Amino acid sequence: HTTSPLLRLSNLRVSYGQIEAVKGIDLELHSGELVSLIGANGAGKTTTLNAIAGILPIAEGELLYAGERINSVPPHLRVVRGLALVPEGRGIFTRLTVEENLRMGAYIRSDKAGIEADMQHVFEMLPRVKERLHQVAGTLSGGEQQMLAIGRALLSRPKLLLLDEPSMGLAPLFVEKIFEVVQSVVREGVTVLLVEQNANLALKFSQRAYVMDGGLITLSGTGEALLHDPKVRSAYLGEA
Ligand code: ATP
């Protein structure tokens with residue numbers, strides 16, 4: 001890469017009190033990339049995403065975004081700068097309608113015309129969400145809620161979208177659909193960092209990936225290379 005990365009983590013460490021969950025990792029994302037972070041439960045993937053989003057404090061190391069150190073920038077100002085997180089469990093407001101949830105994504109914006117244009121755009125990408133606009137969000141299926149969560153994040157006009165386990169708990173048909181949505185988001189120029197348990201699909205769709213284990217990055221490479229790596233196959237793709 002000749003351009004500087006959109007996101008760079010250098011020796012990033014994150015702790016919960018005495019427990020160090022992320023033990024010094026390096027990771028880079030370039031504009032336009034879809035990169036995934038895979039690994040077993042408890043590897044530190046969610047902790048990493050939450051630290052990038054600013055929900056968890058960074059104990060040590062450097063978080064660079066668009067060339068600036070943002071270690072201490074509060075979460076809402078990271079959203080203003082184009083960094084959006086779709087959290088594990090989706091973070092839908094279940095008592096609000098689908099439309100109210102979507103509009104929450106734009107709370108940092110004041111450009112009314114731009115927001116309406118982006119609403120229309122989200123409807124085109126996610127027709128299912130449009131069909132259910134006036135429904136209470138808690139009554140949507142898991143897959144529909146995931147789409148709504150992605151739509152809501154898109155309303156903040158992100159440059160970098162952090163997706164935490166979007167396929168978790170979904171029926172296979174919805175898993176496929178979610179991956180299609182992620183791909184169309186990337187095609188539109190949004191850079192995506194994807195945390196996934198479904199390593200097989202994540203690697204198939206990603207340009208590059210990082211494997212995390214015990215708070216460290218143990219492997220990285222192109223999605224294709226990792227998909228065929230014997231260590232990855234035995235540890236994360238369920239092969240003997
Ligand atoms: P999962 O897919 O299960 O979310 P993960 O790779 O995302 O796994 P993390 O959730 O980041 O892993 O957890 C990393 C480590 O930090 C684990 O050992 C976990 O037990 C610990 N941990 C996570 N959240 C907390 C917390 N709030 N307090 C203390 N320890 C935590």
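Averaging the Cα positions of each part gives two centres, and for the stretch 175-227 and the stretch 123-157 these lie 22 Å apart.
For residue 60 and residue 222, the FRET efficiency from 1/(1 + (r/R0)^6), where r spans their Cβ atoms and R0 equals 35 Å, is about 0.75.
Just how large is the dipole of the chain about the Cα centre, in debye to the nearest 20, putting +1 at every Lys and Arg Cβ and -1 at every Asp and Glu Cβ?
On the way: 24 positive and 26 negative charges, 76 e Å.
Once rounded to the nearest 20, the dipole reads 360 debye.
Name the residue from 201, 27, 50 whose Cα lies farthest towards the positive end of the charge dipole of the chain, charges +1 on Cβ of Lys and Arg and -1 on Cβ of Asp and Glu. Value: 50. Seen against the Cα atoms of the chain and their longest principal axis, helix 172-187 is set at about 90 degrees. The long axis of helix 142-154 is offset from the longest Cα principal axis of the chain by roughly 90 degrees. I'd like to know which of 135, 63, 125 lies farthest towards the positive end of the charge dipole of the chain, counting +1 on Cβ of Lys and Arg and -1 on Cβ of Asp and Glu. Of the candidates, 135 comes out farthest on the positive side.
Remark: for residue pairs 130/204; 23/45; 23/159; 177/204; 112/177, the C-alpha separation exceeds 22 Å in 130/204; 23/159; 112/177.
Where a number appears in this text, it was derived from the coordinates with a stated rule and is not lab data. None of the values given here were measured: they were computed from a predicted structure. Here the Cβ is made from the backbone with ideal geometry for all residues, glycine too, and neighbour counts use every protein chain on show.
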